[in-house]
Amino acid sequence: LGDCQRCKLCETRQTIVFGSGNPNADLVFDGEGPGADEDAQGLPFVGRAGRKLTEIIEKGMLLDRKKDTYICNIVKCRPPGNRDPGRDEVDACKPFLIKQLKAINPQVIVALGKPAASTLLGRTVPITKERGTWHEFEGMRLMLTYHPAYLLRAYTKENRQAVYDDMQKVLEILKA
Ligand code: URA
């Protein structure tokens with residue numbers, strides 16, 4: 001990516017947040033884009049949503065975030081004010097995302113939330129309807145689930161159970 005200037009997010013970012021974790025992992029989580037904490041630290045999912053994601057991985061799946069997973073985002077630079085990334089920004093970053101996912105070549109990719117699911121599937125995904133279902137991205141298995149930031153906003157038993165159930169489906173594949 002170098003000192004990427006392919007979209008206007010370069011004007012307001014502090015750091016490019018490429019990804020973190022084990023580049024040989026069987027499991028990749030793909031979020032939307034860096035927030036303020038991620039932009040400051042240069043690492044994905046290190047703020048409040050990140051702590052929730054870590055809890056899902058470590059308490060819900062009994063995996064080790066650092067050793068067993070790789071974590072990245074659809075766009076590598078922070079959209080100002082945490083707005084959704086624009087179409088032009090997603091399009092500019094997508095070739096890097098594709099190369100990144102193909103290099104890791106995991107057993108399973110989990111798309112966190114609607115923007116990630118929609119970007120990977122190339123269509124507008126109704127996440128409430130399609131979470132928990134299997135798809136394919138460039139020959140790799142793709143599971144869709146809620147974004148941890150959404151879970152924190154809508155912290156219901158039903159939503160927590162939904163993400164838990166989705167992650168058990170992922171574990172079944174990883175253990176097969
Ligand atoms: N939300 C995301 O989608 N990605 C991050 O890295 C942090 C919060």
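So that you can scan it fast, the table gives a plain yes or no per residue for (1) β-branched (V, I, T); (2) in contact with a Leu (Cβ under 8 Å, 6 or more places away or on another chain); (3) within 14 Å of the ligand (Cβ to nearest atom):
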{"site": "G2", "(1), (2), (3)": "no, no, no"}
{"site": "Q5", "(1), (2), (3)": "no, no, no"}
{"site": "D39", "(1), (2), (3)": "no, no, yes"}
{"site": "G47", "(1), (2), (3)": "no, no, yes"}
{"site": "R78", "(1), (2), (3)": "no, yes, yes"}
{"site": "R83", "(1), (2), (3)": "no, no, yes"}
{"site": "D88", "(1), (2), (3)": "no, no, no"}
{"site": "K102", "(1), (2), (3)": "no, no, no"}
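The residues of segment 25-37 that are near the ligand (Cβ under 9 Å from one of its atoms) and assigned to a loop (DSSP other than H, G, I, E, B), listed by number, are E32, G33, P34, G35. Checked against the criterion of being open to solvent by 60 Å² or more (accessible area, probe 1.4 Å) and in contact with a helix residue (DSSP H, G or I) (Cβ under 9 Å, 6 or more places away or on another chain), segment 25-35 has at least one qualifying residue.
Taken over segment 91-114, the criterion of being closer than 19 Å to D39 by Cα and in contact with an Asp or Glu (Cβ under 9 Å, 6 or more places away or on another chain) is satisfied by L97, L112. Do you know which of the residues in segment 8-24 that are touching a helix residue (DSSP H, G or I) at 6+ places or on another chain (Cβ under 6 Å) and among the aliphatic types (A, V, I, L, M) is nearest to the ligand (Cβ to nearest atom)? For segment 8-24, the residue satisfying everything is V17. Being in contact (Cβ under 8 Å) with a residue 60 or more places away in the chain and assigned to a loop (DSSP other than H, G, I, E, B), is that true of even one residue in segment 135-157? Yes, segment 135-157 contains a residue that is in contact (Cβ under 8 Å) with a residue 60 or more places away in the chain and assigned to a loop (DSSP other than H, G, I, E, B).
Only a single item in (1) open to solvent by 30 Å² or more (accessible area, probe 1.4 Å); (2) assigned to a loop (DSSP other than H, G, I, E, B) is not met by A40, and it is number (2).
Of all the residues in segment 65-116, those that are in a helix (DSSP H, G or I) and either over 19 Å from W134 (Cα atoms) or open to solvent by 10 Å² or more (accessible area, probe 1.4 Å) (or both) number 26.
The values are calculated or read from the model by the stated rules, or taken from the named source; none is laboratory data. All figures in this text were calculated on a predicted structure; none of them were measured in a lab. For neighbour counting, all protein chains shown are included, and Cβ atoms are generated from backbone atoms with ideal geometry for every residue, glycine included. Remember, those area values only see protein heavy atoms, side chains included, never the ligands or the DNA or RNA. Shrake-Rupley method; radii C 1.70, N 1.55, O 1.52, S 1.80 Å.
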